[in-house]
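Asks: Can you keep this structure in mind? I'll have questions shortly.
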Amino acid sequence: MLPLSLLKTSQGHPMLVELKNGETYNGHLVSCDTWMNVHLREVICTSKDGDRFWRMANCYVRGNTIKYICVPDEVIGLVQEENLKKFQMKPQVGGRGRGGRDGGRGRGDGGRGRRQGRP
């Protein structure tokens with residue numbers, strides 16, 4: 001499972017974001033981008049030492065300041081279901097691995113040429 005697919009699926013769900021400086025942000029994910037910047041709503045911010053709290057309507061957290069993100073287990077289940085659906089919908093197409101029109105041989109004749117009576 002990829003981190004960005006997990007975040008995209010988490011939109012609208014509650015999550016906890018801890019920053020490198022020790023602050024934590026609890027809120028509902030509104031959106032995220034490819035740099036893992038997150039926009040949260042209904043946020044409660046906790047200070048590093050845990051003795052101060054702030055309530056905010058909205059909060060934007062830059063991705064490179066994030067230490068880790070906790071998402072509910074139900075979101076992980078949703079991501080796994082989506083990945084399974086994508087895998088089942090993909091048509092199985094040959095073309096990878098060995099084989100092909102010439103028996104999978106690359107350059108040359110693969111040792112068949114002169115030994116089999118060919119000039």
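The values are calculated or read from the model by the stated rules, or taken from the named source; none is laboratory data. If you're wondering where the values come from, they're calculated on a predicted model, not measured in any experiment. We place every Cβ from the backbone using ideal geometry, glycine too, and count neighbours over all the protein chains shown.
Asks: Residues of region 12-50 being under 19 Å from the mean Cα position of the chain (by Cα), in a loop (DSSP other than H, G, I, E, B) and loosely packed, with under 15 Cβ neighbours inside 10 Å, which ones?
Replies: Answer for region 12-50, where residues must be under 19 Å from the mean Cα position of the chain (by Cα), in a loop (DSSP other than H, G, I, E, B) and loosely packed, with under 15 Cβ neighbours inside 10 Å: 12, 13, 33, 34, 35.
Asks: Let me ask you something else. Need the failing condition index for residue 114 against (1) basic (Lys, Arg); (2) modelled with pLDDT under 85; (3) under 30 Å from the mean Cα position of the chain (by Cα), just the number.
Replies: (3)
Asks: Looking only at residues that are out of contact with any strand residue (DSSP E or B) (no Cβ under 7 Å at 6 or more places or on another chain) and free of Cβ contacts under 8 Å to residues at least 12 places away in the same chain in region 53-85, which one is surrounded by the fewest Cβ atoms within 10 Å (Cβ to Cβ)?
Replies: So the residue we want is 73.
Asks: Still on this model: Could you give me the residue pairs with C-beta distances under 6 Å whose first residue belongs to region 21-47 and is without any contact (Cβ under 8 Å) to a residue 60 or more places away in the chain and over 12 Å from residue 57 (Cα atoms), whose second residue is of a type in the set (Phe, Trp, Tyr) and in a strand (DSSP E or B) wherever it lies, and which are 6+ apart or on separate chains?
Replies: Short answer, once both residue conditions are applied: 46/53.
Asks: Answer yes or no as to whether residue 75 is in a helix (DSSP H, G or I), under 15 Å from residue 14 (Cβ atoms) and among the aliphatic types (A, V, I, L, M).
Replies: Values: in a helix (DSSP H, G or I): yes; under 15 Å from residue 14 (Cβ atoms): yes; among the aliphatic types (A, V, I, L, M): yes.
Here the answer is yes, as residue 75 does meet what is asked.
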